[in-house]
């Protein structure tokens, strides 16, 4: 399900299936997308931040189009304890690989992988980033 | 900081320069400039002999000069800047009164000590290169330098993040009466036809805004730059309902200088020349590393 911002319209609340993973997309070429994500984060229930939220940063292939500072993204990662994935949407290989990663994360968050919880996977991702 | 810019350096003003980063030069010597001028002149003459198609209006009967600009640096630990000029000789006589400047190139390093001090013995650091004139001359001079000093030139583009730093820094510099407006140009992405938005701000208003944002004189933080730009964006949004933050900042023009993201710069005031060169040197060094 795609949305341009949160909160989702309340009219369809009763029809909506359970949400297992929220991926916030930040376009590094657009300061506006960062502001939009920051505003939307305020509408997310705290329980999601136990491994069910990630940040997907796009547009990273073109360093000279950068309008969002890397530190701003890392600040979000630290404040909301959620991993950051980088993706260049224009390259098919990277797009496919990122989609597969997200799918894997989703399977874990939905509880389909026995023995791995969203929380443990989330902290595993964050610890490997710090190295 | 040296703010004086004697006559030679003033030749940098009010011309549009293309920016490049250059890796350190191997076995370069500031004492052999005359020899380099002769060698480069010979190389260009050889291109003419080869009869290569060089394009309309490019005259290969040129005189080459190499000049040192010792005042164009941040301090004694920087390599003095070097100006290379090509002047076309009139075909009738070779008297210098008939020479017309057709191309200029300037290698410089302003406050790049951290970089130059970490480079091996035989290398000279002049990481910022400015070129003005026909692209063909730039290519010929560039390839001679690459062959002679084993260096590499790379076009230096300026990201929107860096352009917004320039907008904030240059707005903060003191403004004389009748200074020109601060102008920002944005390119709107994802449209079938390209659309540019030009946002002009009265220089006194811009400076007043910057003064309320900047906390410590002489120091600028990323938060202050972001706040400054956000104020400008919200003001624009209030009036035009357009989110400039979703567009790409491509050009910044102030009374100090004007910079474009494709990597061109125009210096407008000699007083701030070194300051702008210092910023550009930093960008060039980070591209090299």
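Nothing in this text is a laboratory measurement; each read-out follows from the coordinates by a stated rule. Predicted, not measured: the structure shown is a model, and the values here were computed from it. Here the Cβ positions follow ideal geometry from the backbone for every residue, glycine too, while neighbour counts run over all protein chains shown.
Report the relative contact order of chain B, percent, no decimals, based on alpha-carbon pairs under 8 angstrom and at least 6 residues apart.
Once normalised by length, the contact order is 26 percent.
Just to confirm the number: angle between the C-alpha axis of helix B:222-240 and the first principal axis of chain B, 0 to 90 degrees, nearest 10?
70 degrees
Mean separation of Cα pairs under 8 Å and 6+ residues apart, divided by the residue count of chain A: what relative contact order is that in percent?
That works out to 25 percent.
Once every DSSP H run of n ≥ 4 in chain A is given -39500 (n - 2.57) and the sum is divided by its residues, what mean residue ellipticity at 222 nm do you get, rounded to the nearest 500 deg cm²/dmol?
-13000 deg cm²/dmol
Fewest to most neighbouring Cβ within 10 Å: what's the order for A:75, B:248?
Ordered from fewest to most neighbouring Cβ atoms within 10 Å, A:75, B:248 come out as A:75, B:248.
Sequence gap at least 6, Cα distance under 8 Å: using those rules, report the relative contact order of the range B:160-261 to the nearest whole percent.
Worked out over the range B:160-261, it gives 43 percent.
Mind sorting B:109, A:109 by how few other Cβ atoms lie within 10 Å of their own Cβ, fewest first?
Placing the least packed residue first, the sequence is A:109, B:109.
Ignore the peptide's own chain and count Cβ atoms of other chains within 10 Å of each Cβ in A:57-69; give me the average, rounded.
Partner Cβ neighbours, averaged per residue: 4.
Could you check which residue among B:148, B:264, B:221 shows the biggest mean-square fluctuation in a GNM of chain B with a 10 Å Cα cutoff?
Highest fluctuation among the options: B:221.
Do the sum for chain B: with -39,500 (n - 2.57) for every DSSP H run of n ≥ 4, divided by all residues, what is the mean residue ellipticity at 222 nm, to the nearest 500 deg cm²/dmol?
Result for chain B, helices only: -10500 deg cm²/dmol.
Measure off 7 Å from each Cα along the Cα-to-Cβ vector at residue B:122 and residue B:155, then give the distance between these two points in nanometres to one decimal.
3.2 nm
Which order, highest average first, do A:52-59, A:83-90 follow once you tally other Cβ atoms within 10 Å for each residue and take the mean per peptide?
Ranked from most to least packed, the peptides come out as A:52-59, A:83-90.
For peptide B:265-278, compute the average count of partner chain beta-carbon atoms within 10 Å of each residue's beta-carbon.
Taking all residues of B:265-278 together, the mean is 0.
Fewest first, what order do B:104, A:117, B:29 take by the number of other Cβ atoms within 10 Å?
The fewest-first ordering by Cβ neighbours comes to B:29, A:117, B:104.
Taking every residue in B:151-160, how many Cβ atoms of other protein chains lie within 10 Å of its Cβ, on average?
The shielding value for this peptide is 2.
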